[in-house]
Structure formats: structure tokens, C-alpha cells
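Below you'll find the structure, written out as C-alpha cells, and then a few comments.
The values are calculated or read from the model by the stated rules, or taken from the named source; none is laboratory data. Treat the numbers as computed from the prediction; the structure is a model and nothing was measured. Quick reminder, even Gly has a Cβ in these numbers, built from the backbone with ideal geometry, and neighbours come from all protein chains shown.
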Amino acid sequence: MSTTADDNGPAALYSALKQYSGEVRKDRRLTVPPADSVTVHSPLCGSQLTLDARLAGDRVAEIGYRVRACSLGQATTAIVARRAPGMDASELERIGAQLHAILNGKSTHSDWPELDVFSHITEATSRHGSAELPFRALQQIFHRAGIAGGPHDTDVDVGPSGPGGNDSWQPRTSSS
């Protein structure tokens, strides 16, 4: 499915969410090691993603996940699981920045056309953190591998983005 923002507005969004969310309903975990695993949260909506990634050199070789998120976080996780293998940190950082711009109404297009549909949720700022979870998790995994920047904590919260939001990493303070 290659639904873009221009394809029937909100109807395209709901159709995309339904399709992609179904792809990650069942956990698909990787063995750690050789994969690395990180759990990220969006404290505003309560979404949580445990993302496993096996790197080959400086590129993603394989992705696994355990998604406990709204349909936006589920959809972006499914898209990332399909698209990220073979990509390096800078490529994924660029795509994540494009999604961030789409969510904040600063753009309507991404190099991954399936992310364009997220231009219909600019007003749902409480859900932006959930949509960004897989990109934040991959940043953390690359950082831990010594490949790219990101937070040093292995379990982080993703703050809300958008007007009045906090786009920075926030170390998780609760003890689990």
C-alpha cells in the first residue's frame, strides 16, 4: 500500500492505520544478542515500544518488536520494520526528521510515501510521540553501537512534539 496525504484525506489515514497496525499485532522479537534491544515510551499517551535490531556494520540488518501503542505507533513501527533493513543511521535520522516535520505541519511529504498520510494528524499532538517511537528506538540502538548520537539511557521516554511540546529525549525516571 502506498497511500499518500493527498489520497482522500482522513479516509486514507484510517485505511493506512488499519493495514499497518495489523502487521505488528503479534510480537516479533529477535534474539538478544546478537540483536540489541531498547524500550521507548511516550509518556503523554502511554505508548510503549520494545524494538530489537540486528546491525550489520553500520546498517540495520533485521528488526523485531513488541508494540504496546496506539494505531499511530503501530503503523509507524510496521513501516519502519519493512523499510529500515539495509539503511544506516543517517538515512533513518533523515526519514525520522521528515516524519517529525509532517506531524508538526511543516511538510506533507517524506522519502517514504507511506508516511505522508500522517499529515492528517497534526492536531493530535498527544499522539505524535507514539508515531515517532520506532525512529527514537533506532537512534538509541545506533548510539549504543557507537554509530550515531542519541540518549545514553537504555529505557527512555519520548516527550510530546508540536506546539508547546518537548522534542528532547527525557530519561525515564520510574523504576520498573
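Residue by residue, here is whether (1) out of contact with any Cys (no Cβ under 9 Å at 6 or more places or on another chain); (2) touching a residue at least 24 places away in the same chain (Cβ under 8 Å); (3) on the phi > 0 side of the Ramachandran plot holds:
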| position | (1), (2), (3) |
| --- | --- |
| D27 | yes, yes, no |
| L30 | yes, yes, no |
| V38 | yes, yes, no |
| L49 | yes, yes, no |
| E62 | yes, yes, no |
| R68 | yes, no, no |
| G73 | no, yes, no |
| T76 | yes, yes, no |
| G86 | yes, yes, yes |
## Note on the structure
Of the residues in the range 66-101, those that are in a helix (DSSP H, G or I), aliphatic (A, V, I, L, M) and over 13 Å from the mean Cα position of the chain (by Cα) come to A89, A101
### Message
Condition (residue is closer than 22 Å to G22 by Cβ, modelled with pLDDT of 95 or more and part of a helix (DSSP H, G or I)) applied to the range 55-65: is it met by at least one residue?
### Response
no
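Does at least one position in the range 15-22 carry a residue that is of a type in the set (A, V, I, L, M), within 23 Å of A97 (Cβ to Cβ), touching a Ser or Thr at 6+ places or on another chain (Cβ under 7 Å) and surrounded by 16 or more Cβ atoms within 10 Å (Cβ to Cβ)? Before you say what the answer is, go through the steps one by one.
Narrowing the range 15-22 to residues of a type in the set (A, V, I, L, M): 16-17.
Still in the list and also within 23 Å of A97 (Cβ to Cβ): 16-17.
Still in the list and also touching a Ser or Thr at 6+ places or on another chain (Cβ under 7 Å): 16-17.
From the residues that got through so far, the ones that are surrounded by 16 or more Cβ atoms within 10 Å (Cβ to Cβ) too are 16-17.
Checked against the condition, which is being of a type in the set (A, V, I, L, M), within 23 Å of A97 (Cβ to Cβ), touching a Ser or Thr at 6+ places or on another chain (Cβ under 7 Å) and surrounded by 16 or more Cβ atoms within 10 Å (Cβ to Cβ), the range 15-22 yields at least one hit.
Listed here are the residues, each with its yes/no results for (1) crowded, with 22+ Cβ neighbours inside 10 Å; (2) at pLDDT below 95; (3) assigned to a helix (DSSP H, G or I).
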site	(1), (2), (3)
S107	no, yes, no
D116	yes, yes, yes
E123	no, yes, no
L133	yes, no, yes
A137	yes, no, yes
G150	no, yes, no
G162	no, yes, no
### Query
Looking at the range 1-46, which of its residues are touching a strand residue (DSSP E or B) at 6+ places or on another chain (Cβ under 7 Å) and either at pLDDT below 85 or among the aliphatic types (A, V, I, L, M) (or both)?
V24, L30, V32, A35, V38, V40
### Query
So which residues in the range 78-105 are surrounded by 21 or more Cβ atoms within 10 Å (Cβ to Cβ) and more than 24 Å from R54 (Cβ to Cβ), if there are any at all?
I102, L103
